[in-house]
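The values are calculated or read from the model by the stated rules, or taken from the named source; none is laboratory data. Everything quoted here is computed from the prediction, not taken from an experiment. Cβ: placed from backbone, ideal geometry, glycine included. Neighbour counts: every protein chain shown. Side chains are part of the model used for accessible areas, which takes the heavy atoms of the whole protein and leaves out ligands, DNA and RNA. Shrake-Rupley method; radii C 1.70, N 1.55, O 1.52, S 1.80 Å.
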Amino acid sequence: MPAVTPPELVRLLNMGPGLADAVEAYGQLRSRWPDDWPGLAEVMRGVVTWLDAPSAIAGRAEVPRMLIDCAEVVESSGRALARRVGEPAYHNRLHVADTLVSMASLIKARRHLLGTLRAGLTRFETICLLTMTVHDFRHPGRCNRAPQEIERMSLARFTPHARRIGLSESDWALICYLVLLTDPTGVAQVHDRWPQDRIPAKASGTRAEMAILVTEADVLASALEFPGVELTRSLAREWRAPHPELASSLLSEEGRLRFLSAGVRFSSHAADALGVKRALRKQIASIRTVRKARSA
């Protein structure tokens, strides 16, 4: 695997403060997946360096060792699984990278809204990035058979690594709390508890705001036309054996409309600043226009 330095990865990802730049980043990740994959540690270095631009663009970003160690654990596990039996078609290392790009985009937008453009990650931001890195650790490639089943499984499998890389008990407990909220069946409740007229939070943030951003970053790439349509096909392949009926429904126009209309929620000011809701409305209108023209 060729070495990729953080500044090169920033240029590779071509990331900027807007949603279009996040979409470009998703595309660049796909240009490297899987044969020329730089690894999750380099993706982590890239997104942190981008967050700390412009001073970090020359390669001076201070990336917390814990973030790199965490990314290396997930990368090593995914790479080993790929060699043995293959990773799930959707819940793989590319999905983790997508969520890191998504979270970095939300953090960048949040910083602009708060006027906090200082270099260096806050604890709030570090916890959010750590949560995305571990949230689907060793995912089995199927749906939950009980509430939060797979999320609890991922956390149990990562717990020994959390201790080894030096996560404090309080930080790991917070990450566990956030990961459990990514169970799709409970996401609506998380967002319903978040007041829609809430003003942007302080830089230090809250657990509630973390929960909103984590659930948004988990599905942001899937909610966009690119790479969302491609990701839907990947999820359908992943579910083909364990959930054939669900897999089939994903590929229909009705399934895509249902996902965009009710399956995802974006409540943060950061998501609004990125234009996520506008992008969703545009997709929904486009699908409905095509269906109407077809039935005419």
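Under a model in which nothing but the beta-carbon of Lys, Arg (+1) and Asp, Glu (-1) is charged, the stretch 174-296 shows a dipole of about 460 debye around its Cα centre.
On the accessible surface of the chain, probed at 1.4 Å, how many percent belong to carbon and sulfur atoms? Carbon-and-sulfur percentage of accessible area, whole number: 55. Placing R0 at 45 angstrom, the Cβ-Cβ distance between Arg278 and Ala82 gives a FRET efficiency of 0.80 after rounding to 0.05. Computed with a 1.4 Å probe over protein heavy atoms only, the accessible area of Asp36 comes to about 60 Å². In terms of its C-alpha gyration tensor, the stretch 96-147 comes out prolate, because a/c is 1.5 or above and the ratio a/b outweighs b/c.
Highest mean packing first, where packing is the average number of other Cβ atoms within 10 Å per residue, the peptides 151-157, 269-275 line up as 269-275, 151-157.
Restricting the stretch 93-133 to trypsin sites (Lys or Arg not before Pro) that sit in a DSSP loop and have at most 15 other Cβ atoms within 10 Å of their own Cβ leaves Arg118. Each Lys and Arg contributes +1 and each Asp and Glu -1, all at the Cβ; summed about the Cα centre of the chain, the dipole is approximately 480 debye. Ranking Val190, Ala285, Leu81 by how far each Cα lies toward the positive end of the dipole of the chain (charges on Cβ) leaves Ala285 at the top.
Please report the net charge: other residues with Cβ closer than 14 Å to the Cβ of Lys282, K and R +1, D and E -1. With Lys, Arg at +1 and Asp, Glu at -1, the neighbours total +4. With K and R counted +1 and D and E -1, the other residues having a Cβ less than 14 Å from that of Asp218 yield a net charge of -4. In summary, the lysines within cross-link reach of Lys292, defined as a Cα separation below 27 angstrom excluding same-chain residues under 8 places away, comprise Lys277, Lys282. Where in the stretch 237-275 are there chymotrypsin sites (Phe, Trp or Tyr not before Pro) that are in a DSSP coil and have at most 16 other Cβ atoms within 10 angstrom of their Cβ? Answer in residue order: no site qualifies.
Taking every protein chain into account, the accessible area of the stretch 157-296 amounts to 54 square angstrom per residue (probe 1.4 Å). In order along the stretch 221-236, phi translates into HN-Hα couplings of 4, 5, 7, 8, 4, 10, x, x, 5, 5, 5, 4, 4, 5, 5, 4 Hz, rounded to whole numbers, per the Karplus curve 6.51 cos²θ - 1.76 cosθ + 1.60 with θ = phi - 60° and x for Gly and Pro. Within the assembled protein chains, the solvent-accessible surface assigned to Leu117 is about 120 Å², based on a 1.4 Å probe.
For the stretch 31-126, the list of GluC sites (Glu not before Pro) that fall in a loop by DSSP and count at most 15 other C-beta atoms within 10 angstrom reads Glu62. When the surface is traced with a 1.4 Å probe over the full set of protein chains, His112 keeps roughly 100 Å² accessible. How much of the calculated P(r) for the chain lies past 26 Å, in percent of all Cα pairs? Here the tail beyond 26 Å accounts for 42 percent of pairs.
Helical runs (DSSP H, four residues minimum) scored at -39500 (n - 2.57) apiece and divided by the length of the chain put the mean residue ellipticity at 222 nm at -20500 deg cm²/dmol.
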